[in-house]
Amino acid sequence: MASGHESAIQTAVDKAAHDPFFLGFLLEVAASFGRLDATSLATSLGCSVDALTKLYLCRAPREDAAGFRDDVQRIAAFSGCDANSLARLLRHASAMGALRGSAAPAPGSVLLAARDAPPDKPGRGDHD
Amino acid sequence: MSTPPANEVLRALHKRLVEGDPTAPAELFLAAAGPLAELLRGRGRGDPAPVHDAVVDALLDLSKKPHSYEPQKGEVWTFLVVAARRNLSNLLRSQRRARNREFRFMGVAVGQPAGNSPQAQSGEDADRKLAGERLAAITDRVMGGMNEQDLSVLRLIADGVRDTGPYAHVLQVGDLPEAEQRRKVKNAKDRLLKRLRRASTEPPNG
């Protein structure tokens, strides 16, 4: 059973996954288009599944080139993911979202789905 | 037991939010969500979900609008606690309203007025008292203009009676042809249910 802290953070992750203010929203879009589960998403970013929580709760990077570069660097340093991979994934997610017209991800989040999965199932990776 | 983050930590995080640091929201959530949820745990009436929603919304609001916190008015922690409590109170009130709508038939009471009980000052009792008063106002308005025959029909509806016979008896139309009885009963039930629906959606003093 999740502790109060973990449950509150899970609620935050779920809200972040559906709020364009947060990086979690773009990561959900990327995961949705790429059909990635949490483990695959973490692998593509060169980080652990646990680090995805930090990523989800960061503010989405600014859209101007310099701001985007600076924000991605800071976010990568904070979460321990690869900055180039993150930048590539976010550009891809933005482009896909724009092409579709609406970037809203499906209800639920890949990260929460991973956390809800039994420990021995894929998606609850223990990288790091 | 979670320990609230130190004031200087939260002040520094707030400064970073104002400056637009993209990692500051994450650090704020990780530092404050647990302690805030712990603090409000007893106010959720056994359900942690509204507590977590209230806490997360408070942190989310500050992350998006860091200028809503004014340092000269107190510490960030106090600001967050007040915001989370307000959110929780609003959430619980919304839940109660939704429940009350389900109980609108026959004015099912949701609580007693707090009166002079020792807990009268608590937010929960005040909310319950308010909900009870609102429901009582609705009930008075609906029941006030009803005659004994209407109330008997409503009792049958509330008891789940579906046969026409008991309604026809109450409405004193048992001597009419069966089709006519059904029509009279349907009209009476529709009229009363429409009245209840209207009363439950109008403001209490409306």
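The values are calculated or read from the model by the stated rules, or taken from the named source; none is laboratory data. Keep in mind the model is a prediction, meaning the values are calculated, not measured. Note that each Cβ is placed from the backbone with ideal geometry, even for glycine, and that neighbours are counted across all protein chains shown.
Report yes if residue B:85 is touching a helix residue (DSSP H, G or I) at 6+ places or on another chain (Cβ under 6 Å) and either part of a helix (DSSP H, G or I) or within 14 Å of chain A (Cβ to nearest Cβ) (or both), otherwise no.
Considered against the rule, which asks whether it is touching a helix residue (DSSP H, G or I) at 6+ places or on another chain (Cβ under 6 Å) and either part of a helix (DSSP H, G or I) or within 14 Å of chain A (Cβ to nearest Cβ) (or both), residue B:85 comes out as no.
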Selected residue (criterion: surrounded by the most Cβ atoms within 10 Å (Cβ to Cβ)) from residues of region B:160-206 that are among the acidic types (Asp, Glu) and modelled with pLDDT of 85 or more: B:180
Tally time: how many residues in region B:65-82 are within 14 Å of chain A (Cβ to nearest Cβ) and either outside any helix (DSSP H, G or I) or surrounded by fewer than 19 Cβ atoms within 10 Å (Cβ to Cβ) (or both)? 1
I want to confirm something. Restricting to region B:37-51 and keeping residues that are touching a residue at least 40 places away in the same chain (Cβ under 8 Å) and either in a helix (DSSP H, G or I) or under 15 Å from residue B:82 (Cα atoms) (or both), which single residue is farthest from the other protein chains (Cβ to nearest Cβ)? B:43
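Hey, among A:46, A:24, A:4, A:34, which residue is small (Gly, Ala, Ser), surrounded by fewer than 24 Cβ atoms within 10 Å (Cβ to Cβ) and within 12 Å of chain B (Cβ to nearest Cβ)?
Details: A:46 fails: within 12 Å of chain B (Cβ to nearest Cβ); A:24 fails: surrounded by fewer than 24 Cβ atoms within 10 Å (Cβ to Cβ); A:34 fails: within 12 Å of chain B (Cβ to nearest Cβ).
Only one candidate passes the filter, namely A:4.
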Inspect region A:70-79 for any residue being among the charged types (D, E, K, R), surrounded by 15 or more Cβ atoms within 10 Å (Cβ to Cβ) and modelled with pLDDT under 95 and give the result as yes or no. no
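If a residue must be free of Cβ contacts under 8 Å to residues at least 12 places away in the same chain and in contact with an Asp or Glu (Cβ under 9 Å, 6 or more places away or on another chain), how many such residues does region A:12-29 contain? If you could, list the steps in order and put the result at the bottom.
Filtering region A:12-29 for residues free of Cβ contacts under 8 Å to residues at least 12 places away in the same chain gives A:15, A:19.
Filter once more, so that each one left must be in contact with an Asp or Glu (Cβ under 9 Å, 6 or more places away or on another chain): A:15.
Selection size over region A:12-29: 1.
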Please go through (1) in contact with a strand residue (DSSP E or B) (Cβ under 8 Å, 6 or more places away or on another chain); (2) in a helix (DSSP H, G or I) for residue B:22 and return the number of the only condition it doesn't satisfy. (2)
Out of (1) at pLDDT 95 or above; (2) basic (Lys, Arg); (3) more than 17 Å from residue A:15 (Cα to Cα), the one residue B:73 does not meet is (1)
Which residues, counting only those in region A:15-43, are farther than 16 Å from residue A:95 by Cβ and not aliphatic (A, V, I, L, M)? A:15, A:18, A:19, A:21, A:22, A:24, A:35, A:37, A:39, A:40, A:43
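Go over the candidates A:62, A:74 one by one and state the one that is more than 17 Å from residue A:9 (Cβ to Cβ), assigned to a loop (DSSP other than H, G, I, E, B) and within 12 Å of chain B (Cβ to nearest Cβ). It would help to see each step written out before you state the result.
Numbers: A:74 fails: assigned to a loop (DSSP other than H, G, I, E, B).
When all the criteria are applied, what remains is A:62.
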Among the numbered criteria (1) touching a Lys or Arg at 6+ places or on another chain (Cβ under 7 Å); (2) more than 8 Å from chain A (Cβ to nearest Cβ), which one does residue B:62 miss? (1)
Of the residues A:7, A:40, which single one is farther than 12 Å from residue B:33 by Cβ, without any contact (Cβ under 8 Å) to a residue 60 or more places away in the chain and in a helix (DSSP H, G or I)? A:40
